[in-house]
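Structure, as structure tokens:
The values are calculated or read from the model by the stated rules, or taken from the named source; none is laboratory data. Given the structure is predicted, the values throughout are model-derived calculations rather than measurements. Cβ placement follows ideal geometry from the backbone for every residue including glycine, while neighbour counts extend to all protein chains displayed. Side chains are part of the model used for accessible areas, which takes the heavy atoms of the whole protein and leaves out ligands, DNA and RNA. Shrake-Rupley method; radii C 1.70, N 1.55, O 1.52, S 1.80 Å.
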Amino acid sequence: FVLRSALVFDADLKAYGPPLNMQVARSRHGAALVQGGRVLFVGGTATDGSAVGAMEYFDAVQRRTSSVDQAALPRVGMGVAAIQGGRFIAVAGGSDGTRLREEVLFFSFNGSTFAPAAPMGALGEARRALAVAPFADSNKLLLLGGYGSLSDDSGPLDSSEVVMTGDSFNVADGPQISPRGDLCAAQLRDGRVLAVGGQGVDGAGFDPLVDAVLQ
């Protein structure tokens, strides 16, 4: 069953605090932290299997979650990452439950809630179950792998894309990778991106490796 509870881990006490209730039960969702310590939750799968459209955020100071009052954004398998030092959160690709989405959307905290922020644009290739990570000066996003259809039967993608989010929005082809979906990625301290695991051709898994090196 899909959980609605949230846990906050205290690194000093090495323990979890009392469980919190989220606004919506969800799984396979995305989350990212902005400046000020607020965490935005996007998309996921609901109890009935549909794509969750409601967004919400966690406020660490008030220790509670709040709904984001705006149009629904149903997404599953999207990439979510903070960019530009936490000024914005990018939501890229994924599926709305019926078709793939190629949009790259940006959100920021306006003092009272999260709201859409420019720039907005589109990927060169719609994809879901991708990995996303900022790199270099944090104005750039690397989007890796995923699937180019709603079905895994088509096989994972071997492509990546670089999204520029500075003064203007731009998308360019990134390095080719070994085909993989359902992977994750993280920025290393030296600016490189580490792509980890995932599903390969015929369901073969991948061991952790540095699959794309960009600086």
Tally time: how many residues in the stretch 47-76 are open to solvent by 20 Å² or more (accessible area, probe 1.4 Å) and in a loop (DSSP other than H, G, I, E, B)?
14
Quick one: count up the residues across the stretch 120-156 that are outside any loop (DSSP other than H, G, I, E, B) and not polar (S, T, N, Q).
17
Can you confirm whether R101 is out of contact with any His (no Cβ under 6 Å at 6 or more places or on another chain) and closer than 25 Å to L144 by Cα?
yes
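So that you can scan it fast, the table gives a plain yes or no per residue for (1) β-branched (V, I, T); (2) over 27 Å from S168 (Cβ atoms); (3) within 13 Å of the chain's Cα centre (by Cα):
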site	(1), (2), (3)
Q23	no, yes, no
A32	no, no, yes
V39	yes, yes, yes
A46	no, yes, no
G53	no, yes, no
A82	no, no, yes
L100	no, no, no
G124	no, no, no
Among the numbered conditions (1) within 22 Å of V76 (Cα to Cα); (2) surrounded by fewer than 17 Cβ atoms within 10 Å (Cβ to Cβ), tell me where L188 comes up short.
(1)
Does D173 count as touching a residue at least 40 places away in the same chain (Cβ under 8 Å) and surrounded by fewer than 19 Cβ atoms within 10 Å (Cβ to Cβ)?
yes
